[in-house]
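Please read the structure below before turning to the comments.
The values are calculated or read from the model by the stated rules, or taken from the named source; none is laboratory data. It should be emphasised that the depicted structure is a prediction, and the values quoted were computed from it without experimental measurement. Using ideal geometry, Cβ is built from the backbone for each residue, glycine included, and neighbour counts are taken over all protein chains shown.
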Amino acid sequence: MSIRREILIVEDNPGDVRLMKEALRMLDRPVNVHVTNDGDQAIQFLRREGEYIAVPKPNLIFLDFNLPRSGSCDLLQQIKRDESLTCIPVAVLTTSDVDRDIRLAYDLHANCYVRKPADLDGFFTTICAVAHFWLDVALCAGDFGTSGPK
């Protein structure tokens, strides 16, 4: 029996959220998908504050790089400066391929910067590939607890 993994999508576009959820259903292992619409909600989720007090810690964060309110850059800084959150991989998703944006995301310690493909098949393939890499291929701190692999 496989362990269910937790994914947080931080995205304000309902259409992109719907497509990402559909793509993630195609993964080989089951995942729980959580969604927040902006940076303020996301940091509350990650710190388990307010309505998010009982949520699990995500194994992966998909972060839209163009969020309203508390923006993506602020959220990314908060995640990577918080010792309890910094080891969670953050995959920045965006329509931008501007070098300045890419550099900024990596300067803020994003784990990867991924351009959202315009075509549906490409979008699904990209979301699944990123999730597969971070959930099944890469080893992340905390994956095995303190006693090693199980």
Regarding region 114-123, can at least one residue be identified that is part of a strand (DSSP E or B) and over 14 Å from GLU6 (Cα atoms)? yes
Applying the selection to region 90-109, what residues are more than 19 Å from VAL17 (Cβ to Cβ), in contact (Cβ under 8 Å) with a residue 12 or more places away in the chain and in contact with a Phe, Trp or Tyr (Cβ under 6 Å, 6 or more places away or on another chain)? ALA105
Hits in region 103-136 (condition: surrounded by fewer than 16 Cβ atoms within 10 Å (Cβ to Cβ) and over 21 Å from GLY71 (Cβ atoms)): PRO117, ALA118, ASP119, LEU120, ASP121, GLY122, THR125, ALA129, HIS132, PHE133, ASP136
So which of ALA118, ALA131, ALA110 is modelled with pLDDT of 95 or more and farther than 20 Å from GLY39 by Cα? ALA131
Tally, over region 110-123, of residues that are farther than 26 Å from ILE79 by Cβ and touching a residue at least 40 places away in the same chain (Cβ under 8 Å): 1
